Each structure stands twice: as C-alpha cells, then as structure tokens.
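Before any comments, here is the structure.
The values are calculated or read from the model by the stated rules, or taken from the named source; none is laboratory data. Bear in mind that the values here come from a model prediction, so they are computed numbers and not experimental data. Backbone-built Cβ (ideal geometry, glycine too); neighbour counts: all protein chains shown.
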Amino acid sequence: MSRQTSVSPTLAVILSIALAVSAAFGGNQILKTQDTGGAPIDVASAEASFAAGDNVLIDDAAIAAQSGIPGPRTVKEFSREEQFSMFALTWNGHRDIAAFVRSEQADGSWGPWWDAEPIGQTGPGGENGTELIYVEPTNRVQVSVTGVDILGAPAEESAPEAAPAEAPAVADVDINVAEAPAPAPEPAPAPAPAAAAAAAPAGIAPLPTNYGDIQPVADVAEAADLNVVFIDGRADEGGIALATDSVTYGMPDVVTRAGWRANETLRCQGTTYDSEVQAAGVHHTAGSNNYSRAESAGIVRGIYDYHARSLGWCDVGYNALVDKYGTIYEGRFGGLDKNVQGAHVGGFNRNTFGISMMGNYDVAQTTPAMIQSVGEMIGWKAAVAGFDPQGSAPYTPLAFNGSKYTGGRSMTLPNVFAHRDAHNNACPGTYGYAQMGNIKTIAAQKVQEIESGSAGASTTSTPSTTSTPSTTSTPSTTATTPPPAEGNTRTETTTTLQEPVGQEPPAQQDSATALLSSAANGEQTALLTIIGSLAALAVTYLTAEGASPGTTAQVGDVQILEGVTLDNLKPVLDIASSLAGDTKVTQAVDRVNTNYGAVLGEPRGGLNTADATYALFDNGIVLDESGSAEARALWGAIGDVWAGQGFDLGPLGMPLNEQYSEGDLVRVDFEGGYVTFDPATGDVDVKLS
C-alpha cells in the first residue's frame, strides 16, 4: 500500500527554506523508489595495464606510514572520461602486493586512502587480484603499491656494470619512494621548470626526473604484470532495488538476482552444490561507506561483474550481501535455500555459507539494521541447514595461501565465523568483528523462532525497500516450508535501544523529541519554532519521505525518536563541499583524522545558522558553535543518539569534546550531560547533568 501525505503551507515554507540552504552549497537530489525487477543491467567495465598510468610524486603522511619510509612517493594515477565508482588491481598467480587507492572528489580534492587487500583466491586460469574497492563516482584515482616496480629502469641502464663488492644491500628499499640523489661533481643542466610543472595535476608535486636512480628491489612485479579494472554499476539505471516478500517460512525479505538486475549471461558454469551447510562466514566488502540506497544494487552488480569476469569465478563469490540499510541481496545463483558452494573463504568454501556486509567496517561503525539482517539471514539459513549459530564443529579445510590452518588437517570451526578467523586478514573489520557476538545471538533467536513456529515470513525492518510479492519466480524464493497452523507473530528486535514506550510522548517525556515529532506531523507552532535549526533539515527529509517519527525509546536519561539519525540530513545536503572557508572545521577534521583515522568520511554538505556552522560528512558531523574556541565532531552511534534526542534543540546541547576511551567504553561530554557507547555490544547510555 502506498502512503500519501499532505503538506501544510507552513511546512512548505520549512521545506523551501531548507532546500534553499542546500542549494547554496551546490544542490541536492531526492531519490525515488522504482519498481521491483526489470531487464538486466550491464555494468560499465574497462581494463588497462597498470603500466599505462601516469607516474606522479606525492608527499603524503598516510602513504609514508603505509610504506614505513618517510618522504615523497611515486604513485600511479589513472584518469578516464567515463565516470566509474569501483576500482581493483588484477594479476596472474600469487604475488606479494600491498595496494592503496584514493579517488578524486567532485571538488577536486583527494579522498582517503582505501586498503585494496589481495583476495588470494585464484580463478581457473590463475586470475587473482585485490578486493573491488568502492571509491564513489569519480574520473580519477591514484594507486600506491609495494611489491611492484612502478618506475622501472631506463633502456640505457638495462645492462649496468657489476656492482662493487662493498655496495650496500637494497633489499629493504621501497622502490617507489623518491630519495634525493647524491650530489654529482658536474650536474647536468636542469630541465625547464615550467614544463615539469605543467605535467603535474593541481596539488601534485612535479614528477621526479631521476626514475633510473631509484634501485629496484629483487623479486618484485613489473608494472606491466598488473592490470587495473574500472567498474560502474550504473545505479542511475536501476534505482532502489526492492526486496521481495519471502514465501519461505521464516526467511527474511531478500532482493533477488532479478531484483538487483543481474545479467545471468555472465555465469560461465553450473552451480556447485555441497552435501550440507555446517557454518556461515561473515565478511565486509571494501572502500567507501558513502553509498545511498539507490547505489547499493549497482555495487552488487559491480561485485558480480568483477568476481565473475575479472577473477574468473563465473559468479559472485558471496551467497548473500547486506547493505548498511539492512537490505539483503541474493548472491551466488542456485537458491538460497540450497547448499550452494560460494567463493568467499579460500580453503573453507565447502559446506559454508558466505554473507558480506557492504562497506568497510574497519573505519566506520556497523548499523543496527545491517547487523539485524545479517543475524536473521544466518539464523534462517542455520534453521534450514540444521546447525547451531552459537556452536562449533570439526572442519577440515583445504590448503590455501594465507590461511591460518594447515590444509587437510581437522580443526574446530565456529558455526558462525568471521573471515579473519580463518585467514590472516582484518575482515570484517574492527567494528564488524566486534558485532560477531550480536550476530550469533540474533541468529540463534531466529532459529528458535522458526523452530517454535513463532517466526513470521520476515523479521527484518526495512520499510523503504520492501514491496508486494513479486510474480518473478527465482530459486531463492520458490522452496516453501509451510508454517505451523498457530501463532505466526512478527518480531522486531534491536541491540541498541530499549523497548518503545508509546506513540505519543507523555508530559514528562523530553520536550525536544515531542517538538520534532509535532513538526514532522505538520503542527504549525512546532514548525515555526524549529526554523533556522539543524533539526529543521531532518524534518524536511522525513516529510519528503512521507515518514513521521512517532515512537520513542528510553536511552538512559533521555527520550530518543526512533528512526531519527544523522543520515536524515544526507538527502537534503547530499553534495561534496569545500571546508577551506572554515578554519575551525578544517582543524577539527584534521584532529579527528590524526587521532581516530578516517571515521568521518568525506564532506557532504554544510549549513550556517545564527548560532553555529555545521559540516556534514559520510559518517558524522562537525559542529562549530559561534564564539567557541574550536569545532567538535560527532559520528557513529553517539552521533545518532544526539540526533534522536533533538539535534541542536535536545537536552544534551552541543558537544564539548570528541569521543575518548573510558575503560571499555567510548564517551563524549555535552553541555547537558554525557553519552557512552560500548563497541562490543552496541549499547548506548545517556546521562544528563
């Protein structure tokens, strides 16, 4: 059933004011839900030799830290006229390569460096490569690598004389780090500086002229041995992919392959079925977490194309994927209710089910909706396959380069395990790994509900990505287990908030949440009260979406409006903005990046009010209060609680610091109290002063 809303004249004024503010920063776009299914969508995919990239010299602290050697470093730069949003390196066979990639943003600045970790699992022809990195839509990337000779030796030095016996060893030299050459008695004339400067892009140091003076390390790959892959999932053609109501008892709603518009002609071999499924492996993908609902299906299409075509796997490696909004996508072809063997953990693919969280959860917090969906999908699969999500069982892995275990030797494998439990890597990231206990608990609860007959067709809560049942029949949704005759109830759980306390807040509940709820429902006095505040933009988004916050939850000493988060501001201020005009905001961003890493993500917009300047980012916000000595940043769960209690109008007021450790918790102090967050459990507590 579609929902229609009427907008009062006063609310129209609020919307106009908010959108005018957004336009001053560069525009906005409201995404619209589109129909389920449709014709397959081919991704835009191109490949080139790694050697074809331009060599540019950069002096970047992050790259120096990656290589372990200070000083400027030569990286490869690739530019394309056709926009792309995903990038990877590929090669043949096994190579010891470390790669990092960053993309040029819309304002000409460079984004953060993303770790492009080697997958390690070769295709039938020896194909290998890095994870596919979501870099956001761009036309230019830079790649920093170790284990690859970017510079190479010039032809005139191809046959050097034997080195003297006392020559120092160079095995520990990073071949792509530029070092000042030793002074020569008679230096050659320097080239014209104007020509060198013209070759370098804006903000990039001129290229070094002494490539041949930098000695290569033995046993490294040549640049020509690698290829680069540019992919765009064409999100604009598909829009938001809608989940199909499951007809299998207890199964969460899933976007089928037809729903995310898979091109089935990419599959190059039949499905491999195992005799059983005894465990589920949890992953994350890679790259930026700044994607919209409408971009999610395009990312899935890109991963499918890269796994199937570039790596030679003939299909996507994961059995299922889940985006940060909690939407579940069918992965490998063959039927989610069947024992389909994936390609997700080398040596551990037999008899396991692979599910991946879309994003990089080493740098950003997971979302409750995503964790809930991952847990419920694993729980449903465990119920179908007959394993205990909180148990373990003997398992004999196959031999695999990078595995923690010897191939052919039995070990004990948790029935729900993280990629890093089997391989020497960080997947599914620090924040993702901290949620493994919650995922197992949610999965076990799902199994219990299915076995007791109390599970509905789906317990996931993704109202903007569900639709009426599709008439398209796919292997994922055709197998049915009739529900018991009695008691099918819908159960919704959350790991961070307590039980909702009602639709209408009573008099003693927080006035800020009541004000936002009234404003979102069109009450004119409330609307006039919030004009000029950050909260007004959240009301703009909720109203445009036809949503209105109603239920509240008690978190510590405050009432939180459920569904109100920092993300509510993104569709209204969805642009790439420059922070150069606000020194305090820039200093705050630099401070956060130094102390916590790239937790904020990229800038997405800004708002100036009479009392403060706000800069919105992928994963957080920076608040510069008028008259304050410095700006402060909020992100993650604490930022969302601040939003839910009323943004700048709530009882907490403005932050006094960035988050800091307090035992096992992280804490932020506010004008009106403080908030603590437990990364292991996802629990948030608020204390008012």
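Enumerate the pairs (first residue in segment 220-241 and in a loop (DSSP other than H, G, I, E, B); second residue anywhere and among the aromatic types (Phe, Trp, Tyr)) with beta-carbon separation below 8 Å, excluding pairs fewer than 6 apart on the same chain, so at least 6 apart or on different chains.
Between residues of segment 220-241 that are in a loop (DSSP other than H, G, I, E, B) and residues that are among the aromatic types (Phe, Trp, Tyr), the close pairs are Leu226/Phe50; Leu226/Trp91; Ala241/Trp260; Ala241/Tyr329.
Might you check whether a residue that is assigned to a helix (DSSP H, G or I), under 27 Å from Thr441 (Cβ atoms) and out of contact with any helix residue (DSSP H, G or I) (no Cβ under 7 Å at 6 or more places or on another chain) occurs anywhere in segment 672-681?
For segment 672-681, residues assigned to a helix (DSSP H, G or I), under 27 Å from Thr441 (Cβ atoms) and out of contact with any helix residue (DSSP H, G or I) (no Cβ under 7 Å at 6 or more places or on another chain): absent.
Hey, any hits in segment 357-380 for a residue that's of a type in the set (Gly, Ala, Ser), surrounded by 22 or more Cβ atoms within 10 Å (Cβ to Cβ), on the phi < 0 side of the Ramachandran plot and at pLDDT below 95?
yes
So Glu376 passes all but one of these: (1) under 30 Å from Gly620 (Cα atoms); (2) in contact with a strand residue (DSSP E or B) (Cβ under 8 Å, 6 or more places away or on another chain). Which condition number does it fail?
It fails just one condition, (2).
Does any residue in segment 398-418 that is closer than 23 Å to Thr441 by Cα come within less than 7 Å, Cβ to Cβ, of a residue that is part of a loop (DSSP other than H, G, I, E, B) and among the polar types (S, T, N, Q) six or more places away or on a different chain, and which pairs are these?
Here the result reads Asn415/Gln278, each pair linking segment 398-418 to a residue that is part of a loop (DSSP other than H, G, I, E, B) and among the polar types (S, T, N, Q).
Looking at Asn619 and the list (1) modelled with pLDDT under 90; (2) over 26 Å from Trp113 (Cα atoms); (3) of a type in the set (S, T, N, Q), which single condition is not satisfied?
(2)
What residue, among those in segment 630-689 that are among the basic types (Lys, Arg) and touching a residue at least 12 places away in the same chain (Cβ under 8 Å), is farthest from Val589 (Cα to Cα)?
Lys687
Right, Gly601: in contact (Cβ under 8 Å) with a residue 40 or more places away in the chain, in a strand (DSSP E or B) and either out of contact with any strand residue (DSSP E or B) (no Cβ under 6 Å at 6 or more places or on another chain) or outside the structural domain of Pro112 (by TED's automatic domain parsing) (or both) or not?
Spelling it out, it is not the case that Gly601 is in contact (Cβ under 8 Å) with a residue 40 or more places away in the chain, in a strand (DSSP E or B) and either out of contact with any strand residue (DSSP E or B) (no Cβ under 6 Å at 6 or more places or on another chain) or outside the structural domain of Pro112 (by TED's automatic domain parsing) (or both).
Does Ala280 count as part of a loop (DSSP other than H, G, I, E, B), surrounded by 19 or more Cβ atoms within 10 Å (Cβ to Cβ) and in contact (Cβ under 8 Å) with a residue 60 or more places away in the chain?
Here the answer is no, as Ala280 does not meet what is asked.
Just to be sure I understand the filter: pairs with C-beta atoms under 7 Å, separated by 6 or more residues or on different chains, first member in segment 51-63 and under 14 Å from Arg140 (Cβ atoms), second member of a type in the set (Asp, Glu). Which pairs pass?
Gly53/Glu77; Asp54/Glu77; Val56/Glu77
Only one of these is part of a strand (DSSP E or B), outside the structural domain of Arg267 (by TED's automatic domain parsing) and on the phi > 0 side of the Ramachandran plot: Glu82, Glu136. Name it.
Criteria check complete, one pass: Glu136.
I'm told Tyr291 meets every condition in (1) more than 23 Å from Asn415 (Cβ to Cβ); (2) of a type outside the set (S, T, N, Q); (3) touching a Ser or Thr at 6+ places or on another chain (Cβ under 6 Å) except one. Can you identify the failing condition by its number?
Result: Tyr291 fails condition (3) only.
Yes/no per residue for (1) surrounded by 24 or more Cβ atoms within 10 Å (Cβ to Cβ); (2) touching a strand residue (DSSP E or B) at 6+ places or on another chain (Cβ under 7 Å); (3) not assigned by TED's automatic domain parsing to the domain that holds Ala369:
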| site | (1), (2), (3) |
| --- | --- |
| Leu616 | yes, yes, yes |
| Val622 | yes, yes, yes |
| Ser628 | no, no, yes |
| Val641 | yes, yes, yes |
| Leu656 | no, yes, yes |
| Leu665 | no, yes, yes |
